[in-house]
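The values are calculated or read from the model by the stated rules, or taken from the named source; none is laboratory data. Treat the numbers as computed from the prediction; the structure is a model and nothing was measured. Note that we place each Cβ from the backbone using ideal geometry, even for glycine, and neighbour counts take in every protein chain shown. Each accessible area value is taken on the protein alone, full model and side chains, heavy atoms only, with ligands, DNA and RNA left out. Shrake-Rupley method; radii C 1.70, N 1.55, O 1.52, S 1.80 Å.
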Amino acid sequence: MKKENQKKKTRPNLFLTIMGDEKRQNISIPLFAILLSLIAGAILMLILGKNPIDAYVSLLQGCGLLPKANYAGGKNMFTDFMSFLDIWTPMIFASLSVAVAYKTGLFNIGVSGQMLLGGFIASITVGYSDLPAYVAKPLVLVISMAVGALVGALIGILKYRFNINEVVSAIMLNYIFQYMLSFFILTFFVNPITRQSETVGENARMTLQNVQIGELKTVVPLGFVIALVIVVITHYFLKYTRTGFEFKAVGANKKAAVYAGINDRKNIMLSMSLSGALAGLAGATYYMGYLGSIQPKTLPSTGFDAIAVCLLGNSNPIGILAASFLISIITKGGTYMNSAIGVPQEISSLITGLMLVFAACGAYIRVRLYRAREKRRTMEENEQLTVKQEGKEKEGAVK
């Protein structure tokens, strides 16, 4: 009986096999979190009396990844996909912003505020000017980056100089920017019809509008190519440069990093500045590209969704590119899902939130997998010892 029980305990564990070793878990755990969130979303849709398959298909249709039943004049699957790229671009920048700060153990929850301030300053300085496009468009990026970097540097100074938690200072700055800029917009820059800020000029806008391609009219997000380049640069910077190594060392163990001669204050300041600069780029491509104007008293949800993207992508720029693609599908496709089959758009936000929750449990899942693997290894070793002991007993009996 003991031998039979032991054999049962050491049977291959399918879940451990699927999740793989520690390196493979960098991919398998986020995929597991995505699967759980999609299953939870499907259950909720069934409760609401909706077909989950139809709902998820409509998400893809709303992003131009699957064809719709019919299209309006001048529109097709390609134009929907270009619109999807337009909203995906600021998500990439915002997620990289969270990741760069996270590498040094910092949590930049102020990405939304940095996006808002960067987009506002770029709008009033360049967006309403008569500068030629070849000057205005690069200037928009430079100004947004500079503004975001200054805000990030301020948070970094408060962190290392006065030991003020970056989460607290970033949240407070979010509220300050939200209401302060709302006052200026509603006082000086409001459009009396839309009650938003005046739309920026085409000369400064980072998304080309109504571009004629054959019989189609589409948008062309100029920042998307820049975003892909920044992903590659950020990946190289974090993985292969000395500063990137210092970021990770400070984030892993600040005391050990200081003991090894790494300047933690400099790296905290630098990482928050770079994080803010990336958030500024997100603001430029969001307010000066995708939207073209600013809604008062509203922080962009992109800055908060970027937290989920960063966790799903394991703070790796390449992983973030894939995770931001998924989250952008849910965000962009939620509107069409609502109109096509009547699933509330809030369901898409709920799915994103569930992904964040399950992704945050990644560390716990790793620990459980490690313990299960160690337990299995111990059982296998005991089984091998038992087999050897039985072999010796048989040899003794023969003799």
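Some notes on this structure:
- Just one of the listed residues (Ile124, Ile171, Ile109, Ile143) is under 21 Å from Cys310 (Cβ atoms) and assigned to a helix (DSSP H, G or I), and it is Ile171.
- Where Ala279 falls short, out of the listed (1) more than 19 Å from the chain's Cα centre (by Cα); (2) in a helix (DSSP H, G or I): (1)
- Matching entry among Ser324, Ser293, Ser301 (being within 27 Å of Arg24 (Cα to Cα) and of a type outside the set (A, V, I, L, M)): Ser324
- Whenever a residue of the range 77-104 is closer than 20 Å to Ile268 by Cα, its partners that are part of a helix (DSSP H, G or I) and among the aromatic types (Phe, Trp, Tyr), lying with C-beta atoms within less than 6 angstrom and at least six residues away or across chains, give the pairs Lys103/Phe247; Thr104/Phe247.
- Residues satisfying the stated conditions in the range 9-33, i.e. open to solvent by less than 50 Å² (accessible area, probe 1.4 Å) and either modelled with pLDDT of 85 or more or part of a loop (DSSP other than H, G, I, E, B) (or both): Thr10, Gly20
- Residue within the range 329-347 that is within 15 Å of the chain's Cα centre (by Cα) and among the small types (Gly, Ala, Ser) present: no
- Residue within the range 287-306 that is touching a Lys or Arg at 6+ places or on another chain (Cβ under 8 Å), without any contact (Cβ under 8 Å) to a residue 40 or more places away in the chain and under 24 Å from Lys332 (Cβ atoms) present: no
Rundown of residues vs (1) closer than 18 Å to Thr302 by Cα; (2) surrounded by fewer than 20 Cβ atoms within 10 Å (Cβ to Cβ), yes/no style:
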| position | (1), (2) |
| --- | --- |
| Lys50 | no, yes |
| Val57 | no, yes |
| Tyr71 | no, yes |
| Met77 | no, yes |
| Asp80 | no, no |
| Asp86 | yes, no |
| Ile92 | yes, no |
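- The residues in the range 221-251 that are under 30 Å from Ala72 (Cβ atoms) and surrounded by fewer than 16 Cβ atoms within 10 Å (Cβ to Cβ) can be counted, and the count is 2.
- For Thr194, the criteria (1) part of a loop (DSSP other than H, G, I, E, B); (2) closer than 21 Å to Leu274 by Cα hold in every case but one, which is (2).
- Verdict on Arg377 being open to solvent by 40 Å² or more (accessible area, probe 1.4 Å), touching a residue at least 60 places away in the same chain (Cβ under 8 Å) and over 28 Å from Pro90 (Cα atoms): no
- Filter result (in contact with a Phe, Trp or Tyr (Cβ under 6 Å, 6 or more places away or on another chain) and part of a helix (DSSP H, G or I)) within the range 88-106: Thr89, Pro90, Lys103
- Number of positions in the range 324-343 that are open to solvent by 10 Å² or more (accessible area, probe 1.4 Å) and in contact (Cβ under 8 Å) with a residue 24 or more places away in the chain: 10
- Taking the criterion of being surrounded by fewer than 16 Cβ atoms within 10 Å (Cβ to Cβ) and part of a helix (DSSP H, G or I), the residues of the range 127-138 that qualify are Ala133, Tyr134, Val135, Pro138.
- Tally of residues being assigned to a helix (DSSP H, G or I) and open to solvent by 10 Å² or more (accessible area, probe 1.4 Å) across the range 288-301: 2
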